There are 2 protein chains.
Amino acid sequence: MESQPAVIETEIFRALADPTRRAVLERLGKGEQTVTELRTGFAVSQPAISQHLAALRRAGLVCERRAGRHVYYRADPAGIAPLIGWIERYQSFWRDRLERLKDVLQEMDE
Amino acid sequence: MESQPAVIETEIFRALADPTRRAVLERLGKGEQTVTELRTGFAVSQPAISQHLAALRRAGLVCERRAGRHVYYRADPAGIAPLIGWIERYQSFWRDRLERLKDVLQEMDE
DNA sequence: CCAATCCATAAGTGTATACTTATATGTTGG
DNA sequence: CCAACATATAAGTATACACTTATGGATTGG
């Protein structure tokens, strides 16, 4: 199967390049939250949060669950796989550390 | 030792968000090269290469060795450590969450 | 020497980004 | 049903970015 043209890596790196977006993602790693819930703790408007979520979604880092007028977002743990893949391809210096990381990811896959 | 304020992660993600910059870094991972050597294979000007190298340098991803009028750049393997650290920390949220879930299930069994 | 080479920086430009406010769409409670 | 709510999108703006050409500083070969 043809691997995605590396554009997805660009989307991921771009998404993670913004501190607010990383903070949003880390919050979503702790559990799903609605846009309004996410808004608390960030000094930006609701549209800004929605736009950050759209960027994270394009990068495959989050997914959502719709329930009436609420939309629950959560981190997609598989989303950073291309990122790990890139690092792996980048250099072999880190092979052993990556092995340990992959073990962790493997455990989570079950 | 005081851990770097997460600004370095931003620098790294920003540096890697550009495809040309990633390609430059991957070339440098294979061995040191001068700016002029790097220029071959990229459809951008010499200043553009220098600017990309400056960005990679700010992110700690490359370092240089000066020899006369030549400047040899090479990838710094330690540079992506904060990136791996971020991934591990980010993923640990999920690990913890799974642990808590297992605890809950355990309690329900009893 | 000094002209050519190597590289970095300056300055300018078009586009992208991160935000804002305003508004549109859809959903629920009363 | 409708007013309030939850979210997304539109439109505008200020800043950042990736590039260009022009130029400056440093070094070397001939």
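The values are calculated or read from the model by the stated rules, or taken from the named source; none is laboratory data. The structure presented is a predicted model; accordingly, all values stated were derived computationally and were not measured. No Cβ is skipped: glycine too gets one built from the backbone with ideal geometry, and neighbour counts run over all protein chains shown.
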Criterion (under 15 Å from residue A:83 (Cβ atoms) and either touching a Leu at 6+ places or on another chain (Cβ under 9 Å) or more than 10 Å from DNA strand D (Cβ to nearest atom) (or both)) met by exactly one of A:15, A:43: A:15
Selection count where residues are more than 12 Å from DNA strand C (Cβ to nearest atom) and more than 15 Å from residue A:59 (Cα to Cα), scope the range A:6-25: 0
Residue that is nearest to DNA strand C (Cβ to nearest atom), among those in the range B:55-74 that are away from every other protein chain (no Cβ under 14 Å) and charged (D, E, K, R): B:69
Residues of the range A:11-29 satisfying the condition of being under 14 Å from residue A:54 (Cα atoms) and of a type in the set (Gly, Ala, Ser): A:15
Criterion (within 16 Å of DNA strand D (Cβ to nearest atom), under 10 Å from the mean Cα position of the chain (by Cα) and outside any strand (DSSP E or B)) met by exactly one of A:21, A:74: A:21
Residue B:31 being modelled with pLDDT under 95, farther than 22 Å from residue A:11 by Cα and within 15 Å of DNA strand D (Cβ to nearest atom): no
Complete set of residues in the range A:35-71 that are among the β-branched types (Val, Ile, Thr), crowded, with 16+ Cβ neighbours inside 10 Å and over 11 Å from the mean Cα position of the chain (by Cα): A:35, A:49, A:71
Any chance residue B:79 is small (Gly, Ala, Ser), in a loop (DSSP other than H, G, I, E, B) and modelled with pLDDT under 95: no
